[in-house]
Amino acid sequence: MRSSWQYSNIIQQLTTINPYKSHICCCLYRQKVEFNYSICAFLFCRNTTKIQPAGSQLARVLSILHFFNLIGSPKGPTQKMNLFQSITSALDNTLASDPTAVIFGEDVAFGGVFRCTVGLRDKYGKDRVFNTPLCEQGIVGFGIGVAVAGATAIAEIQFADYIFPAFDQIVNEAAKYRYRSGNLFDCGNLTIRAPWGCVGHGALYHSQSPEAFFAHCPGLKIVIPRGPIQAKGLLLSCIADKNPCIFFEPKILYRAAVEQVPEEPYTIPLSQAEILQEGSDVTLVSWGTQIHVLKEVASMAQEKLGVSCEVIDLQTILPWDIETVCKSVVKTGRLLISHEAPVTGGFAAEISSTVQEECFLNLEAPISRVCGYDTPFPHIFEPFYTPDKWKCFEAIKKMINY
Amino acid sequence: MKTMLAIISNALCRMTGRNAGARVVVSRSFADFTPQATFDIKKCDLHRLEEGPPVKAELTREQGLQYYRTMQTVRRMELKADQLYKQKIIRGFCHLYDGQEACAAGIEAAINPSDHLITAYRAHGYTYTRGVSVKEILAELTGRRGGVAKGKGGSMHMYAPHFYGGNGIVGAQVPLGAGIALACQYQGNNQVCVTLYGDGAANQGQLFESYNMAALWKLPCIFICENNKYGMGTSVERAAASTDYYKRGDFIPGLRVDGMDVLCVREATQFAADHCRAGKGPIIMELQTYRYHGHSMSDPGVSYRTREEIQEVRSKSDPISMLKERMLSHNMASVEEFKEIDIEIRKQVEEATQFATSDPEPPLEELCNHIFSKNPPLEVRGTSPWSKLKSVS
Ligand SMILES: Cc1ncc(C[n+]2csc(CCOP(=O)(O)OP(=O)(O)O)c2C)c(N)n1
Ligand SMILES: [Mg+2]
């Protein structure tokens, strides 16, 4: 185990590289140390040897650079797209550039239930974009086979709620292939897409957020975008990534979210959270749809309570960006995590536990989880069930007054 | 719990054609009508069977009127649901059954209320034939307290005694059906389980696991594939290597049945039930039928099939018109009589709608009930650490 002086040493070495100055209070290994250091606020967590740039300014600069097409992103025109169109655009780019890529799933040749694959069959042919029968276990197992043989397999499961017949194929076959074959085989070429989350009236089987089930499974990557720009970049990263990825798409945003999305392919790194708004009092963490709720909550907290919130979009659920979250909590001393899935065993529990281990002495209040009730996803009680802004706002008040 | 007796007796009426509440005003006396007639029905295609169901079916006037009433009620109820959906009174997912009425009515006419039935999410018709009132079905659709699942289920989730739903995950109900049949066999009660699924569901792996178990243990299970030609937007040819659904149990005998003719369905189901009750094990029935509406309310239903196709079925093989014409041509009932029945049904559906739109929503406590069995009462964790609710039943 490294001692704290070792950390400060490393940080000092790193700070010399950087021209930018910022002031951050950082706790490393149970000891509060103040550092004056620079933009690439590299953070080291106790059990992590990997060094990752995760500073908030860095993230912001990165996203600005992204926006101006400076890093790993395309030069060229953007187009107004909603979330489903940005997914189509990513798939279009993939089919165009990767001759081995195939897309399959229930009704995808006609564009799919949510129109994500509209036009692709006509453009690339029916042998590359095709309908499967109604058989989720088969779809995923088939996808693993396609991927292990070297092609790029993009499978659509019509709703995340219907992924469970394929649970075995995902958890036992896809996730463990590399490990159990001693790295001889893998299905890194497999990406599974599925519409995810509540829609307002989806009831029990069209609303679930099953990410936590899969987060218990080493070998998988799980990614959830919050809007069109992220959706395209993250999906392209999943497709390129050499691990089986599950890409959950917040279906309520398919049409609701519209952004200027680059037409050319670009990627957004996996396992990197994004700080959407900096703040000093409370860290708010979520992903997908709930990020938009938290952004609103952050404004409410500022306006009504004078509380400054830092909003973090986790983006990748597994493996998740511990550094960015811990670093933020070190700064704010408070953490609220929110997701639609039921609270017990939800991914918030994992985040909470990790942060507690890493940042124990920094915490000013117990970590708050504002999540779905421990009930099946209800039909008419949905507005009551979901962790809306008022519930999150209440939680912030409690944390501040703790 | 609603009175189970009422539901069972409703189902009894719907099965036997004896309707206690029939108040039919007719201009002629009953004596003028033919009390009973025999009709030629389409021969079933057979798989691994020497003999099939009869090619003639007897129909009494009473039965005919009852089947008509059942099918017409389902039709009117579905059209009302369509309307309520368009008015945004019903929300969420809603799958209508119009076009397929002969299946539900014919099956129910051939089994006993004490037999068992399980289906997928296109469940409104069966919920009705299994004895639930239109009122409770519509109130479930609108998410009200008086709904058959207390307003907690919605379109896909409706249940009644001996009717196991109402299942949202395609194909998942089929192994359950085989299990119910095992229970029947074990209890030696001579009951059968009718296990329904669609042509799309027929491609799920679970079905083949169920077929095998059912055949291995000779379970009294009637597997019924309601082949309405499409699974969502996918036509059967595009989804199935063999569209002979009645043969897909391989080692299990099968029947292909005209699912638009209530008499055909009744005779075939009777045959299948006898087969099961005789201890010969499971049997598969493919009912060739058609859904008039799109898959669900968000599907206009005309992008993957033509309007002409729908029109053709409506005009040539509508199950309700077919029965009506048969009865009229044999002087088993009069046009006025059918009109009277239609008016009566319309009224009943209107009253049910009134209830379904005025009944209150279930109280919030219901959110947390029925998660676990009620002993001991449990606290349900929710949204935030301090918001706990009690689950009391
Ligand atoms: C496991 C699963 N996969 C997908 C769905 C989405 N889905 C609902 S119904 C349906 C089509 C089923 O078609 P079919 O079995 O023919 O029944 P029909 O709708 O024609 O009555 C699909 C794909 C689902 N509910 N469950
Ligand atoms: Mg079908």
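The values are calculated or read from the model by the stated rules, or taken from the named source; none is laboratory data. Here the structure is a predicted model, which is why all the values come from computation and not from measurement. Counting neighbours? That spans all protein chains shown, and the Cβs are built from the backbone with ideal geometry, glycine included. For the accessible areas, the whole protein counts, side chains as well, though only heavy atoms, and no ligand, DNA or RNA atoms are used. Shrake-Rupley method; radii C 1.70, N 1.55, O 1.52, S 1.80 Å.
The table that follows gives values for the structure above.
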item: Test for B:A183: is it away from every other protein chain (no Cβ under 14 Å) and touching a strand residue (DSSP E or B) at 6+ places or on another chain (Cβ under 6 Å); result: no
item: Residue list for the range B:191-218, filter: more than 16 Å from ligand 2 (Cβ to nearest atom) and either hydroxyl-bearing (S, T, Y) or at positive phi (or both); result: B:S210, B:Y211, B:K218
item: Members of the range A:174-184 that are more than 23 Å from the chain's Cα centre (by Cα) and surrounded by 21 or more Cβ atoms within 10 Å (Cβ to Cβ); result: A:Y177
item: Restricting the range A:392-401 to residues that are over 18 Å from A:P342 (Cα atoms) and either within 10 Å of chain B (Cβ to nearest Cβ) or without any contact (Cβ under 8 Å) to a residue 40 or more places away in the chain (or both), the residue that is most open to solvent (accessible area, probe 1.4 Å); result: A:N401
item: Filter result for B:V74 (more than 30 Å from B:C225 (Cβ to Cβ) and either open to solvent by less than 30 Å² (accessible area, probe 1.4 Å) or modelled with pLDDT under 95 (or both)); result: no
item: B:S303 under 24 Å from the mean Cα position of the chain (by Cα), under 28 Å from B:E226 (Cα atoms) and not in a helix (DSSP H, G or I); result: no
item: Leading residue by the ranking (most open to solvent (accessible area, probe 1.4 Å)) among those in the range B:290-326 that are over 21 Å from B:K80 (Cα atoms), among the polar types (S, T, N, Q) and in contact (Cβ under 8 Å) with a residue 24 or more places away in the chain; result: B:S303
item: The range A:131-147, residues that are within 14 Å of chain B (Cβ to nearest Cβ), part of a helix (DSSP H, G or I) and not polar (S, T, N, Q); result: A:E136, A:G138, A:I139, A:V140, A:G141, A:F142
item: Single match in B:G166, B:G177 (criterion: farther than 20 Å from B:K229 by Cα and more than 13 Å from ligand 1 (Cβ to nearest atom)); result: B:G177
item: Residue tally, condition touching a Phe, Trp or Tyr at 6+ places or on another chain (Cβ under 6 Å) and away from ligand 1 (no atom under 15 Å from the Cβ), over the range B:209-241; result: 1
item: Enumeration of residues in the range A:374-391 that are part of a helix (DSSP H, G or I) and more than 8 Å from every other protein chain (Cβ to nearest Cβ); result: A:E382, A:P383, A:K389, A:W390
item: Failed criterion for A:Q208 (all others in (1) open to solvent by less than 10 Å² (accessible area, probe 1.4 Å); (2) in a loop (DSSP other than H, G, I, E, B); (3) within 14 Å of chain B (Cβ to nearest Cβ) hold); result: (1)
item: A:F104 vs. criteria part of a strand (DSSP E or B), touching a residue at least 40 places away in the same chain (Cβ under 8 Å) and not charged (D, E, K, R); result: yes
item: Any hit, the range B:230-247, residues being more than 16 Å from ligand 2 (Cβ to nearest atom) and either assigned to a loop (DSSP other than H, G, I, E, B) or in contact (Cβ under 8 Å) with a residue 60 or more places away in the chain (or both); result: yes
item: Test set (1) over 14 Å from the mean Cα position of the chain (by Cα); (2) more than 14 Å from chain B (Cβ to nearest Cβ); (3) in a helix (DSSP H, G or I); (4) closer than 25 Å to A:D107 by Cα - A:T191 fails condition number; result: (3)
item: Options A:P225, A:P218, A:P265, A:P269: the member that is crowded, with 24+ Cβ neighbours inside 10 Å and part of a loop (DSSP other than H, G, I, E, B); result: A:P225
item: Residue match in the range A:73-85 (condition: more than 21 Å from the chain's Cα centre (by Cα) and without any contact (Cβ under 8 Å) to a residue 40 or more places away in the chain); result: no
item: Number of positions in the range A:82-104 that are open to solvent by less than 10 Å² (accessible area, probe 1.4 Å) and closer than 21 Å to A:R255 by Cα; result: 5
item: Residue within the range B:340-360 that is in a loop (DSSP other than H, G, I, E, B) and at pLDDT 85 or above present; result: yes
item: Lone qualifier among B:A181, B:A202 - being of a type in the set (G, A, S) and more than 18 Å from B:Q270 (Cα to Cα); result: B:A202
item: Residue within the range A:359-373 that is of a type in the set (S, T, Y) and more than 14 Å from chain B (Cβ to nearest Cβ) present; result: no
item: All positions within the range B:358-369 that are facing another protein chain (nearest Cβ under 10 Å) and surrounded by 16 or more Cβ atoms within 10 Å (Cβ to Cβ); result: B:P362, B:E366, B:L367, B:C368, B:N369
item: Test: B:G188 is away from chain A (no Cβ under 14 Å) and away from ligand 2 (no atom under 11 Å from the Cβ); result: yes
item: Residues located in the range B:248-262, provided they are farther than 30 Å from B:Q83 by Cα and open to solvent by less than 10 Å² (accessible area, probe 1.4 Å); result: B:G249, B:I252, B:G254, B:L255, B:V257
item: Single match in B:Y97, B:Y128 (criterion: of a type in the set (S, T, Y), part of a loop (DSSP other than H, G, I, E, B) and crowded, with 24+ Cβ neighbours inside 10 Å); result: B:Y97
item: Test for A:E259: is it surrounded by fewer than 23 Cβ atoms within 10 Å (Cβ to Cβ), acidic (D, E) and in a loop (DSSP other than H, G, I, E, B); result: no
item: Among (1) part of a helix (DSSP H, G or I); (2) more than 20 Å from B:G200 (Cβ to Cβ) - the single one A:D127 does not satisfy; result: (1)
item: A:T117 vs. criteria among the hydroxyl-bearing types (S, T, Y) and open to solvent by less than 10 Å² (accessible area, probe 1.4 Å); result: yes
item: Qualifying residue in the range A:344-357 (condition: more than 8 Å from every other protein chain (Cβ to nearest Cβ), assigned to a helix (DSSP H, G or I) and over 24 Å from B:G382 (Cβ atoms)); result: yes
item: Options B:D244, B:D299, B:D250; residue that is within 16 Å of ligand 1 (Cβ to nearest atom), among the acidic types (D, E) and more than 20 Å from B:G99 (Cβ to Cβ); result: B:D244
item: Positions within the range B:140-195 being assigned to a helix (DSSP H, G or I) and open to solvent by less than 20 Å² (accessible area, probe 1.4 Å), in sequence order; result: B:E140, B:L141, B:Q173, B:V174, B:G177, B:A178, B:A181, B:C184
